[in-house]
Amino acid sequence: MSSDMSNSGHKPDGGSAQPKAPPANQPKFWNDPKKRSLLFQTLLLAVLGYFFYSVVDNTLTNLEQRGITTGFDFLTQEAGFGIAMSLIEYTEASSYGATFFVGLLNTVLIAAMGIIAATILGFLIGIARLSDNWLISKISAVYIEIFRNIPLLLQIFFWYFAVLRTLPHPRQSIEFFSSFLNNRGLIVPAPVAEDGFGIVIFGFFAALVGSWFMSRWAKKRQEDTGQQFPIFWASVGLILGVPLLLFLVSGMPMVLEHPELKGFNFRGGITVIPELIALWLALSIYTAAFIAETVRAGILAVSHGQTEAASALGLPKAKTLRFIVIPQALRVIIPPLTSQYLNLTKNSSLATAIGYPDLVNVFAGTTLNQTGQAIEVIAMTMAVYLTLSLVTSMFMNWYNARIQLTER
Amino acid sequence: MKYDLQPTLPAPSNTIGVVAWMRKHLFNGPISSVATIVLGYFLISWLIPIIQWTILDADLFGESRDACTSGGACWVFINVRLNQFLYGFYPAEEYWRLNLAFVLLIGSIIWLVLPRTPFKGWMALFLLVVFPVIAYFLLYGNSFGLMQVETHLWGGLSLTLVLAVVGIVASLPLGILLALGRQSEMPIVRSVCIIFIEIWRGVPLITVLFMASVMLPLFFPEDMSFDKLLRALIGITLFQSAYMAEVIRGGLQAIPKGQYEAADALGLGYWQKMILIIMPQALKLMIPGIVNTFIALFKDTSLVLIIGLFDLLAIGQAANQDPKWIGYSTESYIFVALMFWVFCFSMSRYSMHLEHKLHTGHSNRA
């Protein structure tokens with residue numbers, strides 16, 4: 001069927017250019033891959049251009065009819081609404097621009113908290129899934145199958161409406177470790193730094209720098225002499241010990257401010273709002289189920305020959321795990337783990353359903369409704385998530401590349 | 001000299017039976033034994049009250065909350081509203097239309113899933129092309145003598161299924177085009193596809209839904225108005241097509257290079273090569289991935305509650321607000337969770353089974 005077509009005529013996906021057929025029967029221009037691809041791409045650009053032109057045109061007309069001026073001027077206007085939780089100074093007199101940063105920081109906070117908890121829980125369950133003990137392994141399997149097959153939003157609602165909102169009123173709070181749990185959240189004692197606490201923070205950072213130098217020195221010594229140095233425990237001791245020592249020496253310059261029941265609510269202490277707790281629980285539990293599967297698959301991907309070779313070399317079981325299995329498993333685990341972290345960050349936008357003041361709730365919700373600047377607000381919100389995604393995946397790619405280098 | 005075989009002796013008693021199994025799997029070593037005992041204790045002390053609450057002490061039949069007297073779960077709440085959970089606000093005398101569409105859907109899926117049924121290809125074509133058209137006329141009506149049912153009356157499990165099925169069916173062709181475009185040698189086509197895919201994959205579905213419900217009306221001339229459900233469907237389809245494209249790209253890359261080269265050597269054109277040689281092989285490999293994205297989409301459809309559509313979860317949420325039934329939210333969450341779970345779990349089992357089946361051969365990697 002292809003006898004009547006020249007050989008180079010239908011290869012839009014390139015391939016090696018054959019020596020040209022005699023110029024006598026020149027291929028038609030639509031059979032020339034170069035010209036054809038040029039034509040296709042011009043067409044695509046034209047269609048896209050027209051599409052965007054008409055969208056922009058329609059949008060401007062529609063906005064004009066509704067009396068909305070485009071532009072980012074609204075960011076400096078006074079917002080005039082309160083936000084339940086803010087990591088930075090925020091009052092009703094702050095600008096719409098400030099609501100953006102409040103929301104952004106709250107999103108980053110819940111994402112970071114969720115990632116840490118989900119990683120710990122996920123690794124524990126993923127390893128437990130591979131346990132020799134039938135009961136442990138089955139409990140982990142049941143956990144994974146239950147939580148990853150139920151929509152996250154439902155889990156958030158469950159924790160928020162069915163668990164946290166049905167807790168007792170502040171007056172009947174559940175008390176433990178001088179913290180209080182009630183339907184307005186968890187109130188914990190607040191550490192208040194006094195004069196001279198700066199030296200403890202300084203000590204902490206100094207210990208961080210010190211342990212970095214120590215690890216370089218230990219590595220060099222091992223390369224030169226072959227002697228090992230317990231770098232991990234030494235660093236832990238340094239990072240925890242130095243600040244603690246300074247803290248004690250400088251006369252413990254920090255007090256705990258205990259919350260007290262005044263009237264119908266608590267005064268003092270730090271209040272963790274129930275929305276944050278519900279979101280954090282749901283996100284960590286849900287994502288941990290996926291991470292557990294990732295971890296299990298990663299460990300199973302290390303071939304059994306590696307373990308056998310390690311024991312043939314006489315490595316004890318703990319060292320086999322640490323130097324042979326885990327480094328190789330991590331290479332398999334890291335890429336899917338990255339996408340789980342990204343998913344968690346994106347899923348944190350479900351906060352808006354229960355009113356946790358994250359970016360989507362505060363900025364793409366209240367601010368959008370008050371200003372009507374849909375285009376700008378949605379574009380800024382999407383840009384934030386895109387940037388977070390791209391930065392996370394860039395970081396993970398870098399980490400991945402570093403880990404891959406250890407391959408022979 | 002004895003020439004006949006000795007009778008086979010039974011296995012040593014400490015290697016067979018319940019005791020041996022328990023020694024091997026529950027009490028192999030001191031740490032394991034302690035873990036088993038502690039975990040077993042917690043498990044039993046948790047499971048007994050849960051079973052008591054959900055089954056033994058529960059009430060199932062009745063008309064109002066007065067029927068819930070046993071102190072356990074009040075399934076009366078669910079029972080009274082079961083039709084709403086399944087059909088939303090669809091008129092009761094038209095339920096048969098939803099039932100018929102559901103039977104068609106499930107029937108053709110079972111046909112496809114069962115091994116060794118004939119005409120699988122035609123059935124898949126029916127499911128992907130003909131069924132959505134039939135379902136549209138059945139559900140929306142307004143023709144063939146069927147009463148029109150406005151989309152704001154749709155809800156419950158049937159709306160969840162509509163969203164998920166439309167999302168997957170509409171995103172499949174778009175995803176195929178995007179995946180092919182991403183592998184294209186034409187730089188502009190490739191970059192347009194990459195930008196499209198990465199943007200949709202980088203933002204949360206909820207902002208996409210917000211965009212679809214707030215910004216889509218702005219994008220089109222004043223006289224073009226979109227139904228709320230349609231806007232959600234457009235958002236979901238665009239979002240889903242980016243994920244679908246990545247699944248399909250995975251499938252395309254799993255096809256050995258020799259297949260592409262052989263098609264080129266036969267002198268097939270690009271579309272002939274793709275449609276006749278590559279896609280039939282790749283699509284088979286993609287089915288587990290497609291099922292997995294379908295599971296994710298099925299769970300994600302619950303987000304439409306935020307833009308005011310009444311899917312299964314939103315119906316449950318609305319039921320919890322009913323002043324006559326305050327305090328039974330746990331029951332409704334458990335019921336909705338169970339519905340989602342049954343669908344998602346069975347699909348994930350199927351996809352695992354397929355992955356296992358497809359694992360033989362066909363990989364170009366050692």
Subject >> Cα-centred dipole magnitude for chain A, charges only on beta-carbon of K, R (+1) and D, E (-1), debye, nearest 20 >> reply: 1480 debye
**OP:** For chain B, with a Gaussian network of springs between Cα atoms less than 10 Å apart, report the residue from B:349, B:116, B:182 with the top mean-square fluctuation.
**Re:** B:116
**OP:** Can you check what the net charge comes to around residue B:109, using other residues whose Cβ is under 15 Å from the Cβ of residue B:109 (Lys, Arg +1; Asp, Glu -1)?
**Re:** +2
Original post:
Which parts of the range B:321-355, residue by residue, lose 10 Å² or more of accessible area when the rest of the protein chains are there, as against the chain isolated (1.4 Å probe)?
Top reply: B:329, B:330, B:333, B:337, B:340, B:341, B:344, B:345, B:348, B:349, B:352
**OP:** Over the range A:194-257, with every protein chain in place, what whole percent of the accessible area is carbon and sulfur at 1.4 Å, could you tell me?
**Re:** 72 percent
Subject >> Shielding of B:194-205 by partner chains, average beta-carbon count, 10 Å >> reply: 5
**OP:** Provide the solvent-accessible area of residue A:304, counting protein heavy atoms only and rolling a 1.4 Å probe, rounded to the nearest 10 Å².
**Re:** 130 Å²
**OP:** Enter the Cα centre distance for the pair the range B:85-119 and the range B:284-338, rounded to the nearest angstrom.
**Re:** 19 Å
Subject >> Kirkwood Rh in Å, taken over all unlike Cα pairs in the protein assembly as shown >> reply: 30.9 Å
**OP:** Counting only heavy atoms of the protein chains, get the accessible area per residue of the protein assembly as shown (1.4 Å probe) and round it to a whole Å² value.
**Re:** 55 Å²
Subject >> Mean-position separation - Cα centroids, the range A:134-166 and the range A:315-351, in angstrom >> reply: 21 Å
Original post:
Where does each of B:249, B:190 land when they are ordered by accessible area, with a 1.4 Å probe and the largest first?
Top reply: B:190, B:249
Original post:
Hey, in the GNM for chain A with a 10 angstrom Cα cutoff, which one of A:232, A:123, A:158 fluctuates hardest?
Top reply: A:232
**OP:** Would you please give the residues with an amide H less than 5 Å from that of residue B:90, counting only those at least 5 places away or on a separate chain, with H modeled from the backbone geometry?
**Re:** B:155
**OP:** Kindly give Rg over Rh for chain B, based on alpha-carbon atoms, with the Kirkwood expression for the hydrodynamic radius.
**Re:** 1.08
Subject >> Only Lys, Arg (+1) and Asp, Glu (-1) charged, at Cβ; the protein assembly as shown dipole about Cα centre in debye >> reply: 2780 debye
Original post:
Given a 1.4 Å probe and no ligands, DNA or RNA in the count, how much accessible surface is buried by B and A, both sides, to the nearest 100 Å²?
Top reply: 5200 Å²
Original post:
So how exposed is residue A:382, as accessible area in Å² (1.4 Å probe, rounded to 10)?
Top reply: 30 Å²
Original post:
Which shape class applies to the range A:22-170: rounded if a/c is under 1.5, otherwise prolate when a/b exceeds b/c and oblate if not, where a ≥ b ≥ c are the square roots of the Cα gyration tensor eigenvalues?
Top reply: oblate
**OP:** Could you tell me which Cys residues in the protein assembly as shown have no other cysteine's Cβ under 4.7 Å from their own Cβ, answering none if every one has a partner?
**Re:** B:193, B:344
Original post:
Mean separation of Cα pairs under 8 Å and 6+ residues apart, divided by the residue count of chain B: what relative contact order is that in percent?
Top reply: 17 percent
Original post:
Considering only protein heavy atoms and a 1.4 Å probe, what is the carbon-and-sulfur percentage of the accessible area of the range B:243-322?
Top reply: 65 percent
Original post:
Which of B:139, B:12, B:294 sits closest to the plus end of the dipole of chain B, meaning its Cα is farthest towards the positive end, when Lys and Arg get +1 and Asp and Glu get -1 on the C-beta?
Top reply: B:12
Original post:
Where q = 0.12, 0.15 Å⁻¹, what log10 of I(q)/I(0) comes from the Debye formula for the range A:168-281, counting one point per Cα?
Top reply: -0.67, -0.81
**OP:** Could you point to the residue in B:334, B:350, B:256 farthest towards the positive end of the range B:251-366's charge dipole, with +1 and -1 charges on the Cβ of Lys/Arg and Asp/Glu respectively?
**Re:** B:256
Subject >> Model label zone, residue B:198; criterion: amide N under 20 Å from point 7 Å along Cα-to-beta-carbon; scope the range A:312-353 >> reply: A:335-346
Original post:
Hey, got the dipole for the range B:150-358? About the Cα centre, +1 on K and R Cβ, -1 on D and E Cβ, debye to the nearest 20?
Top reply: 540 debye
**OP:** List the extent of the Cα atoms of the range B:150-358 along each of their three principal axes, largest first, rounded to whole Å.
**Re:** 73, 48, 28
Original post:
Each label point is 7 Å from the Cα along the Cα-to-Cβ direction; what then is the distance between the points at residue A:319 and residue A:190, in nm?
Top reply: 5.2 nm
**OP:** From largest accessible area down, sort A:376, A:175; use a 1.4 Å probe on the protein chains.
**Re:** A:175, A:376
**OP:** Please work out how much accessible surface residue B:15 shows to a 1.4 Å probe, ignoring ligands, DNA and RNA, in Å² rounded to 10.
**Re:** 90 Å²
**OP:** Please say if the range B:95-147 is rounded, prolate or oblate, where rounded means a/c under 1.5 for a ≥ b ≥ c the square roots of the C-alpha gyration tensor eigenvalues, and otherwise the choice is prolate for a/b larger than b/c and oblate otherwise?
**Re:** prolate
Original post:
Taking Cα pairs under 8 Å and at least six residues apart, what relative contact order does chain A come out at, in percent?
Top reply: 20 percent
Subject >> Karplus (6.51, -1.76, 1.60) ³J(HN,Hα), θ = phi - 60°, over the range B:150-156, in Hz, Gly and Pro reported as x >> reply: 4, 5, 6, 8, 6, x, x
**OP:** Classify chain A as rounded, prolate or oblate from the Cα gyration tensor: take a ≥ b ≥ c as the square roots of its eigenvalues, call it rounded if a/c is under 1.5, otherwise prolate when a/b beats b/c and oblate if not.
**Re:** oblate
**OP:** Over the range A:73-202, calculate the relative contact order: mean separation of alpha carbon pairs under 8 Å at least 6 apart, over the residue count, as a percent.
**Re:** 10 percent
Subject >> Theoretical FRET efficiency, 1/(1+(r/R0)^6), r = Cβ-Cβ of residue A:331 and residue A:202, R0 45 Å, to 0.05 >> reply: 0.75
Original post:
How many Cβ atoms of partner chains, on average, are near each residue of A:140-151 if near means within 10 Å of its Cβ?
Top reply: 5
**OP:** Taking the dipole about the Cα centre of the protein assembly as shown, with the C-beta of Lys and Arg at +1 and of Asp and Glu at -1, give me whichever of B:127, A:87, B:52 is farthest to the positive side.
**Re:** B:127
Subject >> chain A - mean residue ellipticity at 222 nm from DSSP helices (-39,500 (n - 2.57) per run, n ≥ 4, rounded to 500) >> reply: -19500 deg cm²/dmol
Original post:
Using a Gaussian network for chain A with springs between C-alpha atoms less than 10 Å apart, which of these wobbles most: A:191, A:243, A:335?
Top reply: A:243
Subject >> Under 5 Å, built H, 5+ apart or other chain: amide partners of residue B:75 >> reply: B:59
Original post:
Ignoring ligands, DNA and RNA, how do B:4, B:311 rank by accessible area with a 1.4 Å probe, largest first?
Top reply: B:4, B:311
Original post:
Dividing the Cα radius of gyration by the Kirkwood radius, what Rg/Rh value follows for the range A:194-257?
Top reply: 1.16
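The values are calculated or read from the model by the stated rules, or taken from the named source; none is laboratory data. Just so we're clear, the structure is a prediction, and the values are computed from it rather than from any experiment. Positions of Cβ are backbone-derived with ideal geometry, glycine not excepted, and every protein chain shown enters the neighbour counts. Protein only, heavy atoms only, side chains kept; ligands, DNA and RNA dropped before computing areas. Shrake-Rupley method; radii C 1.70, N 1.55, O 1.52, S 1.80 Å.
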